[in-house]
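Working notes, structure below.
Computed from the coordinates by the stated procedures, all read-outs in this text should not be read as laboratory data. Nothing here was measured: the structure is a model prediction, and the numbers come from that model. Cβ: placed from backbone, ideal geometry, glycine included. Neighbour counts: every protein chain shown.
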Amino acid sequence: MKAFFASLTLVAILATRLPADSTVVFNEVMYHPLDRELELEWCELHNQMAVDMDISGWSLGEGVFFAFPEGTIIPGGGYLVVAIAPVALETETGHAGALGPYDGRLSNAGESIGLFNNNRRLMDHLDYGVGGNWPVAPDGSGLSLARSAPSPRAILQQTGRRALKWEARRERRTSPRPRRERSWPSTRPS
């Protein structure tokens, strides 16, 4: 009986530390743009499934807040950007179709961002930083912070809280979603 309770306790502890099992995850964040900082911050979500995902009623919370309106669908394998100023983002980068604006700001010193479903269940979480193992290039150089997973299967095995799973990426300049340019490891100077 003692072994049963010990096992149950271990399962409870592990369950609180496992990443969310969401099919939609944070994929890329522009938290400290090169210029026009009050207008060019954005977060990108990725639907890891081959089928469309309806995220109506879902929300971003913690560092920034945004409630996804009714009819918000991310196509299978697709991406969705939420920006602090969607019109400014389109004017500057040509990226059309971003949702927003969101409330709040992404901190240049590190932030926690949560993705919650319509029942307020945490679906994905990102705690990015600017020190330690986090890449330095996204901190004001015009590069974004992006997941470095090579495949959807690898993304499913990651948690957004681990610095080594993120890297600096070139800022997107066209729409809808261009093929990614080669990413830079965190050790390459910006």
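At a glance:
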| item | result |
| --- | --- |
| Ranked D54, D127, criterion: other C-beta atoms within 10 Å, fewest first | D54, D127 |
| Local electrostatic count, I74, Cβ distance below 9 Å [Lys/Arg +1, Asp/Glu -1] | -2 |
| Least to most buried among E92, E111 (fewest other Cβ within 10 Å first) | E92, E111 |
